[in-house]
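Notes for the one structure printed next.
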Amino acid sequence: QNLDDHVAQYGFIMPLDLGAKGSCQIGGNISTNAGGLRLLRYGPLHGSVLGLEVVLADGQVLDLLRTLRKDNTGIHLKHLFIGSEGTLGVVTAVSIECAPRPSSVQVVFLGLESYAAVT
């Protein structure tokens, strides 16, 4: 929630929106590869994370922070940590691509008498 509020000041939206917003942390979201309500529009978290900083079990800090979407400098180790549930390391910093905030949001509610009516 804090991250989304911060990037909103600059006209952007956090591509991840969870029911637990306000109580979850971005490092935990990355470690669990959280999906959220905006998954269909903005894609999975793997595509939004540009870089990570991770602390390994032995205390070593692994700096994988990048800000470029295209990175041909070697193996993309960040993908090992996304969804690893914190077993490989603890995410301490993230570089994430935020989409432009939409000027409006539309919601549609469709009601049908039965499931059989869906065709």
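Structure notes:
- Atom-type composition of the exposed protein surface of the chain places 58 percent of the accessible area on carbon and sulfur (1.4 angstrom probe).
- Extending 7 Å from Cα along the Cβ direction at T119 and again at L37 yields two label points whose distance is 3.3 nm.
- Among D5, D58, the order of accessible area from largest down is D58, D5, computed with a 1.4 Å probe on protein heavy atoms.
- Using only side-chain charges placed at the Cβ, +1 for Lys and Arg and -1 for Asp and Glu, the dipole size of the chain relative to its Cα centre rounds to 320 debye.
- Square roots of 5 times each gyration tensor eigenvalue, C-alpha, the chain, largest first, Å: 32, 17, 14
- Three-way shape label, region 1-43, alpha-carbon gyration tensor, a/c 1.5: oblate
- E53 contributes about 50 Å² of solvent-accessible surface, heavy atoms of the protein only, 1.4 Å probe.
- In the context of the full set of protein chains, the chain has a per residue accessible area of 69 Å² (1.4 Å probe).
- Spin-label model, T87 to L56: label points 7 Å out along the Cα-to-beta-carbon direction sit 1.8 nm apart.
The values are calculated or read from the model by the stated rules, or taken from the named source; none is laboratory data. Note that the coordinates shown come from a computational prediction; the quantities given were computed from them, not determined experimentally. Because the Cβ atoms are built from the backbone with ideal geometry, glycine has one as well, and the counts that use them run over all protein chains shown. These area figures cover heavy atoms from the full protein model, side chains too; ligands, DNA and RNA do not enter into them. Shrake-Rupley method; radii C 1.70, N 1.55, O 1.52, S 1.80 Å.
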